[in-house]
Amino acid sequence: MINNLIYKEDAYKIIGCCMEVHNELGKGFQEIVYADALEIEFKNNNIEYSREKKFSINYKGVILPHYYKADFIIFDKIILELKAISNLTNSHSKQTLNYLASSKLKLGILVNFGEDSLKYKRIVL
């Protein structure tokens, strides 16, 4: 049911920004370059974001000394995970699911800038 997609409009805006960056830069850069360009797109489109936000990982009631950093948190509710690789695998999707579980957020968007055309995947917890 397309009409029941969680955060449909927000996700549409985010993916649009990612497409703009991919159209402008193409493939072949490191992930950090795409992240820098996305910041410009987010600012130009009045999209609220935080970059490299840290999340603790709880193991049996103990907060582990290492944490994970989300590439972007958009509108305080969507994780945007960037890749710049030849193709996405199931392990990338599982990684994003783990990030959602740790952050208690419901939607992750996994984006790959490393292919001829932008590839993305919505991941819902």
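The values are calculated or read from the model by the stated rules, or taken from the named source; none is laboratory data. Not measured: the values here are computed from a predicted model. Note that each Cβ is placed from the backbone with ideal geometry, even for glycine, and that neighbours are counted across all protein chains shown.
Going residue by residue through the stretch 65-73, is there one that turns out to be acidic (D, E), touching a helix residue (DSSP H, G or I) at 6+ places or on another chain (Cβ under 8 Å) and not in a helix (DSSP H, G or I)? Within the stretch 65-73 (the criterion being acidic (D, E), touching a helix residue (DSSP H, G or I) at 6+ places or on another chain (Cβ under 8 Å) and not in a helix (DSSP H, G or I)), the answer is yes, since at least one residue qualifies.
Any idea which residue in the stretch 35-53 is surrounded by the most Cβ atoms within 10 Å (Cβ to Cβ), counting only those that are without any contact (Cβ under 8 Å) to a residue 24 or more places away in the chain and of a type in the set (D, E)? Going through the qualifying residues, I end up with E39. For the stretch 22-34, a residue qualifies if it is of a type in the set (A, V, I, L, M) and without any contact (Cβ under 8 Å) to a residue 60 or more places away in the chain, and the qualifying residues are I32, V33.
Residues that are among the β-branched types (V, I, T) and surrounded by 13 or more Cβ atoms within 10 Å (Cβ to Cβ) were ranked within the stretch 4-34; the one that is farthest from A84 (Cα to Cα) is I6.
Of the residues screened, S56 is not one that is within 20 Å of N112 (Cβ to Cβ), out of contact with any Asp or Glu (no Cβ under 9 Å at 6 or more places or on another chain) and surrounded by fewer than 16 Cβ atoms within 10 Å (Cβ to Cβ). Of everything listed in (1) farther than 19 Å from K121 by Cβ; (2) touching a strand residue (DSSP E or B) at 6+ places or on another chain (Cβ under 8 Å), the single unmet condition for L88 is (1). Scanning the stretch 59-84 for residues that are among the hydrophobic types (A, V, I, L, M, F, W, C) and touching a Leu at 6+ places or on another chain (Cβ under 9 Å) yields a total of 8.
Go through the residues of the stretch 13-26 one by one and say whether even a single one is at pLDDT 95 or above, among the polar types (S, T, N, Q) and over 15 Å from the mean Cα position of the chain (by Cα). Within the stretch 13-26, one or more residues are at pLDDT 95 or above, among the polar types (S, T, N, Q) and over 15 Å from the mean Cα position of the chain (by Cα).
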